[in-house]
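Input: a single structure, listed below in structure tokens.
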Amino acid sequence: MTSNDKAKPDLLIVDDDPLITDTLNYVLSKDFSVYVAESRNHVKSLLRQLDAPPKLALVDLGLPPTPHRPDEGFRLIADLVAYSPAIKILVLSGQSDEANAKHARTLGAIDFIAKPCEPNVIKAQLLKALQISDAETVAASTDVGLVGGSVLMDKLRQQIGQYANAPFPVLIEGESGSGKELVASSLHKLSARAGKPYLALNCAAISPTLVEPTLFGYAKGAFTGATSSRSGYFEDARDSTLFLDEIGELPLELQAKLLRVLENGEYQRVGETQSQKSNARVITATNRDLRQEVRAGRFRSDLYHRLSVFTISVPPLRELGDDKRVLLDHFRDFYARQSQVEPFQLDKKALEAWVEYGFPGNTRELRNIVIRLITKYAGQSVTADQLQAELDMESLDVSPVGLPQAQNFKTVLEAAKKHLQTQKNFSLDLTLQQWEKGYVEAALSITHGNLSQAAKLLGIHRTTLYSRIQNYGAAQEGDK
């Protein structure tokens, strides 16, 4: 890569069609440093080789091993947002029905471009996304950024103020897109360590074999490819703040080593026997229920209690009431100024629909909807129908599920008694997980892989179903 390439913003293109990737690479490489991948696994490998996450991503939904279904593309969007919440993702796909477009946006994509599309149109969309990214970066460096006046938001700000200067670990819990990363950075900015580096690592975004050298560093020759010694995150943040996102993904064998650092500050570089000390203040975040993970044997109880000296629960947007309107005003004014256009307005019915909408993708989804409305309707009044086109109502369309009849329940009860009396080493968590997975697989089989229809059959949100499927995949990879 030349010095000129280094000055260009990084762009990740993910598509399994070499004709498309070659064409886009040729057209876009004049303005971007382009990295190309053909699959989700290829993306994971590529990201581990980069010093920093790319600012932009252009991804297809139909990726191997299921190129005729959007599932793998949806998983990739979730992976990228988890790896770098600031990344701007545009979907370029032939699977362009409205349900797929809306769900991609809910997961974190800022917009959807249907194939075929002229390269110059794609380039213009990417440059606009880059402007948005740069404006957000400037704003984030000068502002704590917590917006809202609800009781829950006031409580959140109060907790951040109380815990910011304490040296003890903080565990941040909350749904995807709810703003856990913002809470973590706010804890750092309001602390006495604010003038020192703030380092963040997503535990789900790197290979399990690389987590230890990434956290603790390594000596020259410690493993193949270790041509020189390198410090790890705990060393680089020795007197500052270290944010470990998706902490629930940390492999069990490394949890003991993290516990040791938290207890006495000691760690060892991979390939060395000499102990080193770090005074890093550790903040962690998860969208999993770590108590459930402890009961299932996937997370150490002692580590959980050490990490959760202080716990902050970030409320989902659907519980924040009028803050939906406050956030609408905040993001609308910000992106209108950034784009140098007049802000849009929601008419009465559109505003009612806005307040009633559940925002399954939380604040990240709300922000991306505002960005699209600014682009399409600057200076105009947006109607309810126009707004409806931006909302992922299928993720909220849950059919009621009836309770079992008393006679059926008695049958289940008797079967459970018999099973408990004859089964050795019974695990309720494992049994429930197996039943749940069986029902999910049955629903997907009946609906031929249609996530929306499967979610309706199961009586859960589409985003909930998607999250469950991801967890099954993670468990299977861990069992190999």
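The values are calculated or read from the model by the stated rules, or taken from the named source; none is laboratory data. Please read all numbers here as calculations on a predicted model, not as lab measurements. Note that each Cβ is placed from the backbone with ideal geometry, even for glycine, and that neighbours are counted across all protein chains shown. Surface accessibility is based on the protein's heavy atoms, side chains included, excluding ligands, DNA and RNA. Shrake-Rupley method; radii C 1.70, N 1.55, O 1.52, S 1.80 Å.
Quick test of your reading of the structure: S278 fulfils all but one of (1) within 25 Å of A184 (Cβ to Cβ); (2) out of contact with any helix residue (DSSP H, G or I) (no Cβ under 9 Å at 6 or more places or on another chain). Name the failing condition by number.
Going through (1) within 25 Å of A184 (Cβ to Cβ); (2) out of contact with any helix residue (DSSP H, G or I) (no Cβ under 9 Å at 6 or more places or on another chain) one by one, S278 breaks only (2).
Okay, residues lined up against (1) open to solvent by 60 Å² or more (accessible area, probe 1.4 Å); (2) closer than 22 Å to S186 by Cβ; (3) part of a helix (DSSP H, G or I):
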position	(1), (2), (3)
E293	no, no, yes
G297	no, no, no
H305	yes, no, yes
T311	no, yes, no
G321	no, yes, no
F331	no, yes, yes
A336	no, no, yes
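Output the residue which, of all residues in the stretch 144-155 that are in a helix (DSSP H, G or I) and touching a Leu at 6+ places or on another chain (Cβ under 7 Å), is least open to solvent (accessible area, probe 1.4 Å).
Here the answer is M153.
Pull up the stretch 343-359, narrow it to residues that are at pLDDT below 95 and in a loop (DSSP other than H, G, I, E, B), then point me to the one that is farthest from the chain's Cα centre (by Cα).
Selected residue: Y357.
In a loop (DSSP other than H, G, I, E, B), open to solvent by 50 Å² or more (accessible area, probe 1.4 Å) and among the polar types (S, T, N, Q) - does that describe any residue in the stretch 161-172?
Yes, some residue in the stretch 161-172 is in a loop (DSSP other than H, G, I, E, B), open to solvent by 50 Å² or more (accessible area, probe 1.4 Å) and among the polar types (S, T, N, Q).
Regarding D347, is this residue farther than 24 Å from Q131 by Cβ, open to solvent by 10 Å² or more (accessible area, probe 1.4 Å) and acidic (D, E)?
Numbers: farther than 24 Å from Q131 by Cβ: yes; open to solvent by 10 Å² or more (accessible area, probe 1.4 Å): yes; acidic (D, E): yes.
When the stated conditions are applied, D347 passes them.
Looking at the stretch 437-460 only, could you name the residues that are at pLDDT 80 or above and hydroxyl-bearing (S, T, Y)?
Passing the criteria: only Y439.
For residues that are under 14 Å from the mean Cα position of the chain (by Cα) and among the hydroxyl-bearing types (S, T, Y), tally how many sit in the stretch 40-87.
2
Just to be sure I understand the filter: pairs with C-beta atoms under 9 Å, separated by 6 or more residues or on different chains, first member in the stretch 346-359 and among the β-branched types (V, I, T), second member crowded, with 19+ Cβ neighbours inside 10 Å and in a helix (DSSP H, G or I). Which pairs pass?
Short answer, once both residue conditions are applied: V355/K324.
Please identify the pairs in which a residue from the stretch 294-308 that is on the phi > 0 side of the Ramachandran plot has its Cβ atom under 9 Å from the Cβ atom of a residue that is assigned to a helix (DSSP H, G or I) and among the charged types (D, E, K, R), counting only partners at least 6 apart or on another chain.
G297/D429
Out of everything in the stretch 379-397 that is open to solvent by 10 Å² or more (accessible area, probe 1.4 Å), assigned to a loop (DSSP other than H, G, I, E, B) and touching a helix residue (DSSP H, G or I) at 6+ places or on another chain (Cβ under 7 Å), what residue ends up being farthest from S84 (Cα to Cα)? Steps first, please.
First, the residues of the stretch 379-397 that are open to solvent by 10 Å² or more (accessible area, probe 1.4 Å): 379-381, 383-386, 388-389, 393-394, 396-397.
After this cut, where a residue has to be assigned to a loop (DSSP other than H, G, I, E, B) as well, the list is 379-380, 383, 389, 397.
Okay, now just the ones that are also touching a helix residue (DSSP H, G or I) at 6+ places or on another chain (Cβ under 7 Å), so 383, 397.
Details: T383: 33, D397: 29 Å.
The extreme case among them is T383.
Being free of Cβ contacts under 8 Å to residues at least 60 places away in the same chain, under 26 Å from G161 (Cβ atoms) and acidic (D, E) is the requirement here; does D322 meet it?
For D322, the condition - free of Cβ contacts under 8 Å to residues at least 60 places away in the same chain, under 26 Å from G161 (Cβ atoms) and acidic (D, E) - is not met.
Restricting attention to the stretch 59-102, and to residues there that are outside any helix (DSSP H, G or I), among the hydrophobic types (A, V, I, L, M, F, W, C) and within 30 Å of I247 (Cβ to Cβ), which single residue is most open to solvent (accessible area, probe 1.4 Å)?
Applying the filter and picking the extreme gives A86.
Would you pick out the residues in the stretch 21-38 that are without any contact (Cβ under 8 Å) to a residue 60 or more places away in the chain, crowded, with 19+ Cβ neighbours inside 10 Å and in a helix (DSSP H, G or I)?
Selection gives T21 alone.
Say whether the condition of being touching a helix residue (DSSP H, G or I) at 6+ places or on another chain (Cβ under 7 Å), surrounded by 15 or more Cβ atoms within 10 Å (Cβ to Cβ), among the hydroxyl-bearing types (S, T, Y) and more than 20 Å from F168 (Cβ to Cβ) is met by at least one residue in the stretch 208-218.
Yes, the stretch 208-218 has at least one match.
Would you kindly identify the strands (runs of 3 or more DSSP E) lying entirely within the stretch 183-268 that contain at least 3 residues that are closer than 25 Å to R75 by Cα and modelled with pLDDT of 90 or more?
Per the criteria, 241-245.
Can you find, within the stretch 115-133, the residue that is modelled with the highest pLDDT among those that are small (G, A, S) and open to solvent by less than 50 Å² (accessible area, probe 1.4 Å)?
Per the stated criteria, the residue is A129.
Evaluate the stretch 195-206: report whether one residue or more is open to solvent by 60 Å² or more (accessible area, probe 1.4 Å) and touching a Pro at 6+ places or on another chain (Cβ under 8 Å).
For the stretch 195-206, residues open to solvent by 60 Å² or more (accessible area, probe 1.4 Å) and touching a Pro at 6+ places or on another chain (Cβ under 8 Å): absent.
Within the set of pairs 6+ apart or on separate chains, which have a first residue in the stretch 132-154 that is farther than 21 Å from K324 by Cα, a second that is at pLDDT below 90 and assigned to a loop (DSSP other than H, G, I, E, B), and C-beta atoms under 8 Å apart?
These pairs meet every condition: S133/A86; T137/A86.
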